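For reference, the structure is listed below as structure tokens.
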Amino acid sequence: MKEGLFSIMNIGLMLSAIWYMSLSTKMNGVQPKTTKRNDADNRITLLFQELLALQFPLHSTSDYVKLRKPKDFSEQLSVSINHLNKAVKHIRNKTTSEIITDTVFQEAKILLKVTDWSVSEIAYSLGYETPSRFIYTFRKNVGVPPLKYRNENT
């Protein structure tokens, strides 16, 4: 491990935990009217966000993200994919896939900053089948390849 990484990793993990916990309280600054639909949508959205947040932070290369697709979450919540997507979109104004992707890349950025894991180890831990798919998707979403991101942010 890098020198001083333990304290940096602790700070990174704490920031990650705070960020994930804040997801459950954010509603894009708008509080919807209370109706039965909103109550159900809120409940489904919060459960989805909790399931997503429980997967992070990753502590070792043997940890991995088990739920990666909206279908995985809908099965865990015992709701249809369409129902999950509509509820999340209604409350968060983002699709389920967008929220999953944002969260996975937030974790990828943290791992690149505070660990010495290889890009391949990060890719596999985050549920990508190949490192090349992770690199392509990271570059598409963040704007730079993972190694360049690591070099610019460490």
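What residues of region 130-154 lie in the reach of a label at K113, counting those whose backbone N is under 18 Å from a point 7 Å from the Cα along Cα→Cβ? So the set is 138-139, 141-154. The dipole here belongs to region 69-108: it is taken about the Cα centre, uses +1 on the Cβ of Lys and Arg and -1 on the Cβ of Asp and Glu, and is about 220 debye.
Listed here are the pairs K113/K140; K113/K148; K94/K148; K69/K113; K69/K94; which of them are more than 21 Å apart at the Cα? Result: K94/K148; K69/K113 exceed 21 Å. Note on region 72-154: dipole from Cβ charges, positive end direction compared against N93, F134, V104; the farthest Cα belongs to N93.
Only the coordinates and a few stated rules stand behind these numbers; no lab work does. From a predicted model like this one, the values you see are computed outputs, not experimental measurements. Because the Cβ atoms are built from the backbone with ideal geometry, glycine has one as well, and the counts that use them run over all protein chains shown.
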